[in-house]
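Student: Have a look at this one.
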Amino acid sequence: MIRGLTYVTAPVRRAHAPRFRDTNGWLKGMTPRRTILRELTRRRREGDEGYTRPGTIAGFDTRPARYQAAVNELLQERLINGRKDQEGRLAITLNEQRLADVKKELRPLYARPVVWLALLVVIFAAAAVLTR
């Protein structure tokens, strides 16, 4: 080290620094259920009508138990269809008859009527308190 010189270092990006988007661009806080449905709708939109293994969906390798539980739940609700592929493993796709329900699941929070109703109740309650 030379006397009188100061060294400038680049800021270190820590592993635990918050990132709001996943590597696929999805919001990080999204549930496995929504992640699975979004990935299947994205693949359907791109023209891939075939079946997909759940293990290929982003996030499945980090939390397989939660994703497998979400797949089982979606299969029970019949939002997705499942069958065995050539290797005998589970493959899933969206249920064509339940696409409207899938769209309801994936709509953002601000597009839900219950949220607007709750917001209106709070606004009217605040207005009632302020006008007294």
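Student: Could you check how many residues of the range 39-68 are under 15 Å from the mean Cα position of the chain (by Cα), of a type in the set (A, V, I, L, M, F, W, C) and in a helix (DSSP H, G or I)?
Tutor: Adding up the residues that qualify gives 1.
Student: Here's something else I'd like to know. All but one of (1) loosely packed, with under 10 Cβ neighbours inside 10 Å; (2) under 22 Å from Arg53 (Cβ atoms) hold for Pro108; which doesn't?
Tutor: Pro108 satisfies all of (1) loosely packed, with under 10 Cβ neighbours inside 10 Å; (2) under 22 Å from Arg53 (Cβ atoms) except (2).
Student: Between a first residue in the range 62-74 that is closer than 13 Å to Leu90 by Cα and a second residue that is acidic (Asp, Glu) and surrounded by 13 or more Cβ atoms within 10 Å (Cβ to Cβ), which pairs have beta carbons less than 7 Å apart while being 6 or more apart in sequence or on different chains?
Tutor: If the second residue must be acidic (Asp, Glu) and surrounded by 13 or more Cβ atoms within 10 Å (Cβ to Cβ), no pairs are left.
Student: Let me ask you something else. Which condition breaks for Gly82 when tested against (1) touching a helix residue (DSSP H, G or I) at 6+ places or on another chain (Cβ under 6 Å); (2) farther than 17 Å from Arg38 by Cβ; (3) assigned to a loop (DSSP other than H, G, I, E, B)?
Tutor: Result: Gly82 passes all but (3).
Student: Restricting to the range 59-94, what's the tally of residues that are surrounded by fewer than 15 Cβ atoms within 10 Å (Cβ to Cβ) and on the phi > 0 side of the Ramachandran plot?
Tutor: Qualifying residue count for the region: 2.
Student: Continuing with the same structure: Say whether the condition of being in contact (Cβ under 8 Å) with a residue 12 or more places away in the chain and in contact with a Pro (Cβ under 9 Å, 6 or more places away or on another chain) is met by at least one residue in the range 103-123.
Tutor: No, the range 103-123 contains no residue that is in contact (Cβ under 8 Å) with a residue 12 or more places away in the chain and in contact with a Pro (Cβ under 9 Å, 6 or more places away or on another chain).
None of the figures in this text is laboratory data; all of them are computed from the coordinates on show. Predicted model only: the values in this text are computed from it and were never measured. Counting neighbours? That spans all protein chains shown, and the Cβs are built from the backbone with ideal geometry, glycine included.
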